[in-house]
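The structure appears right after this line, and notes come after that.
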Amino acid sequence: MGGRKSSTRVHVVSDVHGNAEALARAGDGADALICLGDLVLFLDYADHSRGIFPDLFGVENADRIVELRTARRFEEARDLGRRLWAGLDRERLIEGAVRRQYAEMFAAFPQPTYATYGNVDIPGLWSEYAGPGTTVLDGQRVEIGGRVFGFVGGGLPSPMRTPYEVDEEEYAAKVEALGEVDVLCSHIPPEVPELCYDTVARRFERGSEALLAAIRRTRPRYALFGHVHQPLARRMRIGGTECVNVGHFAATGRPWALEW
Ligand SMILES: [Mn+2]
């Protein structure tokens, strides 16, 4: 009854960083949810008491490491990290904490969800937590409502040394594997200064030259990404492609919507 449904609506989120409560509602009113990664909350820069780091080492150490990183004193930040982790089984402690967060995050995903990895994720664990309604894609395409969506997960090498960074060549190969798509979905932005500059952290995050080249060459309708929490530019036109940072979901709790 009521006629055939003629449009498709997807909601897109990125940089969820522990916000399971809002994630559980992110698909309300949409036919599908797309998640562009960064589910893990290692350290909340807006509230240093939240995340794996303060849980293990306390708020004062979290204050200190944020201060050092913000001042680009990465070497000192790493020294502090090395001192705190000395004698501890770092891998086991982080994996245990990430598993607790993933159990909560993946349970909150609506159905269907299409997801790719952020740089602050541990891809090897995802298959254990993704339910039958969640499709994980990295260097792969899927059709939603008659449009082809391509997904590229992870980040590129950075001074922060986050858990899922791949080298330029491997990243470019994943972009290449997508071919022509209608919507190009990635965690990191194409390498354009206005899209990569974080106005609060006051630094450039890593964007991808391969993504930018693919946008210019294949002209998707949309290029969607996250990663830069407070970008200088939220959107930009590159040729015929609307490039959009879908927002910092951990802070806003609001998805970005696409309807056709
Ligand atoms: Mn992030």
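Below are the figures for this structure:
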quantity: Candidate set from segment 107-122 (those that are closer than 17 Å to Gly96 by Cβ and open to solvent by 20 Å² or more (accessible area, probe 1.4 Å)); member that is nearest to the ligand (Cβ to nearest atom); calculated: Val120
quantity: Check on Tyr171, within 15 Å of the ligand (Cβ to nearest atom) and not acidic (Asp, Glu); calculated: no
quantity: Residue check for Arg161: open to solvent by 60 Å² or more (accessible area, probe 1.4 Å), touching a Ser or Thr at 6+ places or on another chain (Cβ under 7 Å) and not small (Gly, Ala, Ser); calculated: no
quantity: Number of the condition not met by Tyr45 [criteria: (1) over 30 Å from Gln140 (Cα atoms); (2) away from the ligand (no atom under 14 Å from the Cβ); (3) in contact (Cβ under 8 Å) with a residue 40 or more places away in the chain]; calculated: (2)
quantity: Residue match in segment 126-142 (condition: charged (D, E, K, R) and open to solvent by less than 30 Å² (accessible area, probe 1.4 Å)); calculated: no
quantity: Filter result for Gly240 (more than 24 Å from Leu43 (Cα to Cα) and among the small types (Gly, Ala, Ser)); calculated: yes
quantity: Any hit, segment 66-73, residues being among the charged types (D, E, K, R) and open to solvent by less than 60 Å² (accessible area, probe 1.4 Å); calculated: yes
quantity: Unique residue being away from the ligand (no atom under 16 Å from the Cβ), open to solvent by 50 Å² or more (accessible area, probe 1.4 Å) and touching a residue at least 40 places away in the same chain (Cβ under 8 Å) when the list is Asp79, Asp55; calculated: Asp55
quantity: Flag for Gly58 being at pLDDT 95 or above and over 28 Å from His11 (Cα atoms); calculated: yes
quantity: Which listed residue is within 17 Å of the chain's Cα centre (by Cα) and either at pLDDT 95 or above or aliphatic (A, V, I, L, M) (or both), from Arg147, Arg221, Arg206, Arg217; calculated: Arg206
quantity: Candidates Ala22, Ala103, filtered to the one that is away from the ligand (no atom under 14 Å from the Cβ), open to solvent by less than 30 Å² (accessible area, probe 1.4 Å) and at pLDDT 95 or above; calculated: Ala22
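The values are calculated or read from the model by the stated rules, or taken from the named source; none is laboratory data. Just so it is clear, the model here is predicted, and its values are computed rather than measured. Cβ atoms come from the backbone with ideal geometry, glycine included; neighbour counts cover every protein chain shown. Surface accessibility is based on the protein's heavy atoms, side chains included, excluding ligands, DNA and RNA. Shrake-Rupley method; radii C 1.70, N 1.55, O 1.52, S 1.80 Å.
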